[in-house]
1. Please determine whether any residue of region 234-257 is over 17 Å from the mean Cα position of the chain (by Cα) and within 30 Å of Lys165 (Cα to Cα).
2. Based on this model, can you work out whether Lys188 counts as closer than 26 Å to Tyr59 by Cβ, open to solvent by 10 Å² or more (accessible area, probe 1.4 Å) and either more than 19 Å from the chain's Cα centre (by Cα) or not acidic (Asp, Glu) (or both)?
3. For the structure I just gave you, tell me whether Leu145 is of a type outside the set (Ser, Thr, Tyr), free of Cβ contacts under 8 Å to residues at least 60 places away in the same chain and closer than 30 Å to Leu95 by Cα.
4. Hey, can you tell me all the residues within region 49-102 that are over 25 Å from Asp245 (Cα atoms) and aromatic (Phe, Trp, Tyr)?
5. Between Asp136, Asp101, Asp47, which is acidic (Asp, Glu), surrounded by 24 or more Cβ atoms within 10 Å (Cβ to Cβ) and in contact with a strand residue (DSSP E or B) (Cβ under 9 Å, 6 or more places away or on another chain)?
6. State whether the residues of region 218-235 include one that is buried (at least 20 other Cβ atoms within 10 Å of the Cβ), at pLDDT 95 or above and in a helix (DSSP H, G or I).
7. Can you report the number of residues in region 248-278 which are open to solvent by 60 Å² or more (accessible area, probe 1.4 Å), assigned to a helix (DSSP H, G or I) and free of Cβ contacts under 8 Å to residues at least 24 places away in the same chain?
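The values are calculated or read from the model by the stated rules, or taken from the named source; none is laboratory data. Treat the numbers as computed from the prediction; the structure is a model and nothing was measured. Cβ coordinates were reconstructed from backbone atoms using ideal geometry, including for glycine residues, and neighbour counts include every protein chain displayed. Surface accessibility is based on the protein's heavy atoms, side chains included, excluding ligands, DNA and RNA. Shrake-Rupley method; radii C 1.70, N 1.55, O 1.52, S 1.80 Å.
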Amino acid sequence: MKLRKVTAASATVFALALTATACGGDNGGDSGSDGGGKTITVGIKYDQPGLGQKTPQGYAGFDVDVATYVAKKLGYNADQIEWKEAKSGDRETMLQRGDVDFIAATYSITPERQEKVDFAGPYLLAHQDVLVRADDNSIKSPADLNAKKLCSVTGSTSAQNVKEKLAPKADLQQYPTYSACLGGLQNKAIDALTTDDSILAGYAAQEQFKGKFKLGGFKMTNENYGIGVKKGSDLKADINKALEDMVADGSWQKAVDKNLGPANYKNEPAPKIGDIKS
């Protein structure tokens, strides 16, 4: 009789343990559309003012606002988002390994990248441009970049686009971050920094750099920013719906104005989902 009581109690404890295991331990992962996990992990840039920046107060920028809005639509509050730095050269690997659920990090949609990951969006149409020192009047067109020291970040398509199509004799310098490129531009180690106009405007608008740099005004490419997800992820459709809602309720334009407006950035209208400009 005692043996049966102990056995029954043990069975009850075992069943409770199984229930607890089934209910716990979910930390977001490939979380699907209901946001049922405790957290969702999002990749952003940490060093792009106006777009994605880690500050003493937290995280700020247009991409951060877009990602926060999307996460909320997926069922996650702001305090349930785990932010991870997504450098340009690491983004596909981070998604493929499952390090993040999605990436919103000035991530241009290209055919090469679409072979490795899926994209929701686009959610912003930017254009490639150059940033030069305010007192440098020698670069008036993309062709003037020939024989100039041109900087962009490792893994970015920007500098390669210029070298292959517009200025084949440019001296291409690849730095690990845009901040490093900006330092090189300031101390004259390089002559021009090239990337998307939205990114450049964010840097030029910083208080410590006002008046020191200027945009070239060259619309050299179309850069269709998308939100990257793992190949085949069910999140793509849900993120697309969230992006449409963000435009429809006015939150998208408010985020642009708040983060890029101070640099007098003239944004293109919000792109329609799937409308990728070549």
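1. Scanning region 234-257 turns up no residue that is over 17 Å from the mean Cα position of the chain (by Cα) and within 30 Å of Lys165 (Cα to Cα).
2. no
3. no
4. Across region 49-102, there are no qualifying residues.
5. Answer to the selection: Asp101.
6. yes
7. Total satisfying the criteria: 4.
Conditions tested, residue by residue: (1) part of a strand (DSSP E or B); (2) free of Cβ contacts under 8 Å to residues at least 12 places away in the same chain.
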| site | (1), (2) |
| --- | --- |
| Thr106 | no, no |
| Glu112 | no, yes |
| Tyr123 | yes, no |
| His127 | yes, no |
| Asp135 | no, yes |
